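Readers should treat all values here as calculations from the given coordinates under stated rules, not as data from a laboratory. Because the structure is a prediction, the values reported are computed rather than measured. Note that we place each Cβ from the backbone using ideal geometry, even for glycine, and neighbour counts take in every protein chain shown.
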Amino acid sequence: MRSVVHFEIPADDVARAKEFYRSVFEWQLQDMPEMEYTIVQTTAVDENQMPTAPGAINGGLMRRSQDTPSPVLTIDVESIDQALKQVEASGGRTVKERTEIPGMGAYAYFTDPEGNTLGLWETT
């Protein structure tokens, strides 16, 4: 599973969004129908549902609203190039190709099938 720095993802078509994130990043999803919310687990959690990996967080996916029209989040990946191939194969689109930050890593931006702009980070 790939960790993220921060997120909450709104969607117009929640089922389509869930399938996209499950297939591309292998995230685990748990529906909370009473809250109209899907818990998104990007990293293992302890008995208190807190991420066990230092610096990692988990988040949620819900129907887009006026309060949450679009997120910006960054997902840690092993290979930006490979991730962008998976994104495009699953209905997403590259917004900004891999861009190096000397001595640190690289980033890229993409949109998912819901039109949200997200980031990718690869440590070099």
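What FRET efficiency would be calculated for the residue pair residue 45, residue 16, taking the C-beta separation as r and a Förster radius of 35 Å, to the nearest 0.05?
Working from the Cβ atoms, E equals 0.85.
Give me the angle, in degrees from 0 to 90, between the Cα long axis of helix 14-25 and the longest principal axis of the Cα atoms of the chain, rounded to the nearest 10.
40 degrees
Per the Kirkwood definition applied to all pairs of different Cα atoms, how many angstroms is the hydrodynamic radius of the chain?
Working: mean 1/r = 0.0676 Å⁻¹.
Every distinct Cα pair counted, the radius reaches 14.8 Å.
Relative to the longest principal axis of the chain, what angle (0 to 90°, nearest 10) does the C-alpha long axis of helix 80-89 take?
The two axes meet at around 50 degrees.
Do you know the relative contact order of the chain, to the nearest whole percent, from alpha carbon pairs under 8 angstrom that are 6+ apart?
On the way: 266 pairs, mean separation 33.6, N = 124.
So the answer I get is 27 percent.
Note the full-extension length gain between residue 1 and residue 93 as 0.36 nm times their separation in residues minus their Cα-Cα distance, in nm to one decimal.
Details: separation 92, 0.36 × 92 = 33.12 nm, distance 2.08 nm.
That pair, residue 1 and residue 93, stretches by 31.0 nm at full extension.
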